[in-house]
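Novice: This structure is in structure tokens; I'll ask about it shortly.
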Amino acid sequence: MHINENYRNLKESYLFSNIAKKVSEYSAAHPQAKLIRMGIGDVTLPLPKATVDAMVEAAREMGKRETFRGYGPEQGYGFLKESIAAYYARRGVMLDEHEIFVSDGAKSDLGNILDLFTEENVALIPDPVYPAYVDTNIMAGRRVLYMEANEGNGFLPLPDYAVDADIIYLCSPNNPTGAVYGKAALSAWVEYAHAKSAVIFFDAAYEAFIADPSLPRSIYEIPGAKSCAVEFCSFSKIAGFTGTRCGYTVVPKGIMNGELNRMWLHRQTTKFNGVPYIVQRGAAAALTEEGFGQCMANISYYKENARIMAEALESLSIWFTGGKNSPYIWLRCPNGSKSWDFFDTLLKEANVVGTPGAGFGNNGEGYFRLTAFGNREATVEAMERIKELLG
Ligand SMILES: *Cc1c(COP(=O)(O)O)cnc(C)c1O
């Protein structure tokens, strides 16, 4: 047998295990310290009531002979695809039901879509970045080029025509930086993709956090995107589905005269057997008027946390991106500190845990990520401690 030796080229990511180790060592030495965790990018509020009710009802249906369901359509039940299409239509984006593919989450699809592309393709990935984009390409032996995201471009890199790439990754609102692309910048990317015959993978996992109506929540709000972009989205952050698992990918028929759409259908029907009926009912309920209102109430709660965090950083004159249209705040470490040094200071002096920017790529050095997914009291307390420490 011959193993895939590309796996040897993966850099071991010590980010979250390092954080966990430092935190547990500190807690062991200071058992009375009241630590506040603002590091992990996971939601904390429970599922919307409409979702829970729908899943209970669906579970009952599964327990009765007349309403029991076995294998469902690999690409998702019609009722959920219709709800997703209607969700886009409310924002003026019209999708054909056959362009929507329901899955167990955006992370799987972002990795699996690479099945459709040979290893000769060159991937263009922002630095800093959500680590899965890089590692899935390394596993396939693909060449990765990085685009520099930095303070100069507001952590929103624009296309450089001197660079030739085939697969372009964009994440907006961004994890880890919280930065959001405007329409003009996304149009520049769509134009570049057409000029290079490239495909854009647009990760819209945080679209529901966008409050500013002038900012695009889908790349399909940009003319020309339906012939060059695949969009990945998820119920994880909008409806608290990180543990429940449901997402969707849009593969428009405008790309290569529908060939990419047919290939993805073929790939999914061959290697995937669909998302549980119960979960799909829960996801559809999150998009009803009632369910969506409950999702938005949760998102408002997180966004109020983000506002409190932003206000504290402004009062300290600390430079940051994100916060307004995103659950992440990406700040420049004070006094020119390195990311891990600031992590240690914050842990020891304020008992607050964040994420060192250096863990997301070279350009993350000197920056730090805080998340707004915590509870209100802890967020307020953490900001008071940070103001005391740095004020
Ligand atoms: C959380 C997140 C996702 C969602 O992943 P799921 O697999 O759907 O839970 C996708 N992209 C980014 C950048 C994320 O932070």
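Nothing in this text is a laboratory measurement; each read-out follows from the coordinates by a stated rule. Keep in mind that this is a model prediction, so the values were computed, not measured. Note that we place each Cβ from the backbone using ideal geometry, even for glycine, and neighbour counts take in every protein chain shown.
Novice: Among rounded, prolate and oblate, which fits the stretch 111-252 when a ≥ b ≥ c are the square roots of the eigenvalues of its C-alpha gyration tensor, a/c under 1.5 means rounded, and a/b larger than b/c means prolate?
Specialist: rounded
Novice: Moving on to the next point. If R₀ is 41 angstrom, what is the calculated FRET efficiency for the pair Glu290 and Phe16, using the beta carbon separation as r and rounding to 0.05? Provide the component values of the computation, followed by the final result.
Specialist: Working: r = 36 Å, r/R0 = 0.87.
Working from the Cβ atoms, E equals 0.70.
Novice: Let me ask you something else. Would you order Trp330, Trp340, Trp264 from fewest to most other beta-carbon atoms within 10 Å of each residue's own beta-carbon?
Specialist: Listed from fewest to most nearby Cβ atoms, that is Trp340, Trp264, Trp330.
Novice: What lysines sit close enough to Lys22 to cross-link, taking a C-alpha to C-alpha distance under 21 Å and skipping anything fewer than 8 places away on the same chain?
Specialist: Lys11, Lys34, Lys338, Lys348
Novice: Please list, by residue number, every one of the GluC sites (Glu not before Pro) in the stretch 3-43 that is coil in DSSP and has at most 16 other beta-carbon atoms within 10 Å.
Specialist: Details: sites: Glu5, Glu12, Glu25; in loops: Glu12.
Loop-located and lightly packed - Glu12.
Novice: Sticking with this one: Put +1 on the Cβ of each Lys and Arg and -1 on the Cβ of each Asp and Glu in the chain; which of Tyr161, Ala285, Val129 then has its Cα farthest toward the positive end of the dipole?
Specialist: Of Tyr161, Ala285, Val129, it is Ala285.
Novice: Counting pairs on different chains as well as pairs 8 or more places apart, how many Lys pairs in the stretch 50-287 have Cα atoms under 26 Å apart?
Specialist: Counting lysine pairs in the stretch 50-287 gives 23.
Novice: Using +1 on the beta carbon of Lys and Arg, -1 on that of Asp and Glu, and nothing else charged, what's the dipole of the stretch 160-241 about the Cα centre, debye to 20?
Specialist: Computed about the Cα centre, the dipole is about 180 debye.
Novice: A follow-up question, please. Listing Leu389, Leu10, Leu260 from the residue with the fewest other Cβ atoms within 10 Å to the one with the most, what is the order?
Specialist: Leu10, Leu389, Leu260
Novice: Could you pull out the trypsin sites (Lys or Arg not before Pro) across the stretch 1-94 that fall in loop regions by DSSP (anything but H, G, I, E, B) with no more than 11 other Cβ atoms inside 10 Å?
Specialist: Sites meeting the loop and neighbour criteria: Lys11, Lys34, Lys64, Arg65, Arg90.
Novice: Determine the dipole magnitude for the stretch 50-287: charges of +1 sit on the beta-carbon of Lys and Arg, -1 on that of Asp and Glu, nothing else is charged, the reference point is the Cα centre, and the result goes in debye to the nearest 20.
Specialist: On the way: 21 positive and 28 negative charges, 153 e Å.
Computed charge dipole of the stretch 50-287: roughly 740 debye.
Novice: Is it possible to state the helix-based mean residue ellipticity at 222 nm for the chain, with each DSSP H run of 4+ residues giving -39500 (n - 2.57), the sum divided by total residues, to the nearest 500 deg cm²/dmol? What is it?
Specialist: The helix-only estimate for the chain comes to -11500 deg cm²/dmol at 222 nm.
Novice: In addition: Reported to two decimal places, what Rg/Rh ratio describes the chain when computed on Cα atoms with Rh from the Kirkwood expression?
Specialist: Using Cα coordinates only, the ratio equals 0.97.
Novice: Quick one: compute the contact order of the chain, relative version, from alpha carbon pairs under 8 angstrom and 6+ residues apart, as a percent.
Specialist: Relative contact order, the chain: 23 percent.
Novice: Moving on to the next point. DSSP beta bridges in the chain, what fraction antiparallel, as a percent rounded to 5? Display every interim value, and only then the final one.
Specialist: Values: 18 of 37 bridges.
DSSP beta bridges in the chain are roughly 50 percent antiparallel.
Novice: If you don't mind, another one. When Asp212, Asp344 are ordered from fewest to most other Cβ atoms inside 10 Å of their Cβ, what list results? Each step should come with its number before you reach the end.
Specialist: On the way: Asp212 10, Asp344 14.
Least to most surrounded, the residues fall as Asp212, Asp344.
Novice: Where in the stretch 71-168 are there GluC sites (Glu not before Pro) that are in a DSSP coil and have at most 16 other Cβ atoms within 10 angstrom of their Cβ?
Specialist: Sparse-neighbourhood loop GluC sites (Glu not before Pro): Glu119, Glu120.
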